[in-house]
Amino acid sequence: GVDRYEQKETLGTENYFIDGSIEKGFVNEKMVNRNLTWEETTVTNIGLDLGFWRSKLTTELDFYDRLTTGMNRPSDLSSLLTGAYEAPRRNIGNLRNRGVEVNITWRDQTRTIGYSINANASYNATILEEWNEFLTRGFVYLDMPYRFLYTYVDRGIAQTWQDVFNATPQGARPGDILREDLNGDGRIDGNDLKAYPNSLRDRPTTNFALNANLSWKNFDLAILMQGSAGRKDYWLNNYNNVNFPATHYASTWDHWNEPWSVENRDGAWPRLYGNNNRANTTFWLDNMSYLRFKNLQLGYTIPGRLLQRFGVSNIRIYGSGENLMTFTKYRGLDPEKRTYANEVYPLNKVFLIGINIGI
């Protein structure tokens, strides 16, 4: 976002050398774009609400088309402005978001049992329609999803010198990750990156959840599961670094057991101190889709007739667990996180026992 004083011509202290002595003074800190305006958003939304079987089954469907014009972003146009004199913000491009949201609920009640099941899901697709600055090769491109996956494709770990000789020259040795020469020009460079328009790095395209509630006599049960799909990212952090001394982090147990070596050809990591073994290739790429057993709560309410003599209207005793289990192919600790460089702490499981007393 725009900082508080970003659109103000602020001054910073600066020392000057005048007549052999240092004098204190001020200097303009930045350039300001006087033509900067607010972003504008045009939204079309179509919704449909349905009910069946006396509203036991209800369904909500929503489709939206949201076009944001004049995206407010820092400018990358000038490479001549450095330090304090960075290029000012501009209204740069137009981004369209299209998506659908679905919410389905079933509720029913018998003499002793009441229950409800709710399932919801959403899908969002982005398309960058306009951009009034120079676009270099990367994950921002016209008529493509915003910040799509753009990566080298690997051929696996070279097992022998013959594997190295059969691959495009890239300074590799046995134990190094070999990258594909996708355009066949005999060298590995940015022209060999491959676009995956159906996968994003920053956020998932799809989110979903399932919520269920059940009551029987004085017992109640609540379950929540949630997850996402459509996102991929690299499993690269400070603790699986095959060149770890450069980051000043100590080696881990995996540094002894996972790297490739002649004695450990099936190692999950390339060799230590190899060439380009930390590059963003599909070797390190993980599917960040997940399904999480988010919450489970079981409660019991003591019948009111047993509490009247004590002047208490109700007592409910319950136990709950949070973040109980996660199903994912991600090799790290938490696929829901956005950054992984210092991925140290896993998502905590939380167990609670409580009592609610009504007077």
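The values are calculated or read from the model by the stated rules, or taken from the named source; none is laboratory data. Predicted model, so just to flag it, every value in this text is computed and none were measured. Using ideal geometry, Cβ is built from the backbone for each residue, glycine included, and neighbour counts are taken over all protein chains shown. Each accessible area value is taken on the protein alone, full model and side chains, heavy atoms only, with ligands, DNA and RNA left out. Shrake-Rupley method; radii C 1.70, N 1.55, O 1.52, S 1.80 Å.
Among the residues here, VAL102 qualifies as closer than 30 Å to GLU130 by Cα and either charged (D, E, K, R) or within 30 Å of the chain's Cα centre (by Cα) (or both). When the stretch 126-138 is limited to residues that are within 20 Å of ASP189 (Cα to Cα) and free of Cβ contacts under 8 Å to residues at least 40 places away in the same chain, the one that is least open to solvent (accessible area, probe 1.4 Å) turns out to be GLY138. Of all residues in the stretch 27-41, those satisfying the criterion of being closer than 13 Å to GLY12 by Cβ and touching a strand residue (DSSP E or B) at 6+ places or on another chain (Cβ under 7 Å) are VAL27, ASN28, GLU29. Here the condition is being open to solvent by less than 70 Å² (accessible area, probe 1.4 Å) and hydroxyl-bearing (Ser, Thr, Tyr); of TYR196, TYR141, TYR123, it holds for TYR196 alone. Might you let me know whether the stretch 161-179 holds any residue that is under 23 Å from PHE63 (Cβ atoms), surrounded by 15 or more Cβ atoms within 10 Å (Cβ to Cβ), modelled with pLDDT of 95 or more and of a type in the set (A, V, I, L, M)? No, the conditions are met nowhere in the stretch 161-179. Evaluating ASN264 against the criteria (1) without any contact (Cβ under 8 Å) to a residue 12 or more places away in the chain; (2) closer than 26 Å to TYR150 by Cβ leaves one unmet condition, (2). Taking the criterion of being part of a loop (DSSP other than H, G, I, E, B), open to solvent by 50 Å² or more (accessible area, probe 1.4 Å) and in contact (Cβ under 8 Å) with a residue 12 or more places away in the chain, would at least one residue in the stretch 313-329 satisfy it? Yes, because at least one residue in the stretch 313-329 is part of a loop (DSSP other than H, G, I, E, B), open to solvent by 50 Å² or more (accessible area, probe 1.4 Å) and in contact (Cβ under 8 Å) with a residue 12 or more places away in the chain. Counting only strands (runs of 3 or more DSSP E) that fall entirely inside the stretch 64-182 and contain at least 2 residues that are small (Gly, Ala, Ser), the qualifying elements are 93-109, 113-131. If only residues of the stretch 272-303 that are open to solvent by 50 Å² or more (accessible area, probe 1.4 Å) and of a type in the set (Ser, Thr, Tyr) are counted, the one that is nearest to the chain's Cα centre (by Cα) is TYR273. For the structure I just gave you, tell me whether ASN45 is open to solvent by 70 Å² or more (accessible area, probe 1.4 Å) and among the polar types (S, T, N, Q). Judged against the criteria, ASN45 is a match.
Tell me, please, whether a residue that is closer than 18 Å to TYR150 by Cα and assigned to a strand (DSSP E or B) can be found in the stretch 200-216.
Scanning the stretch 200-216, I find at least one residue that is closer than 18 Å to TYR150 by Cα and assigned to a strand (DSSP E or B), so the answer is yes.
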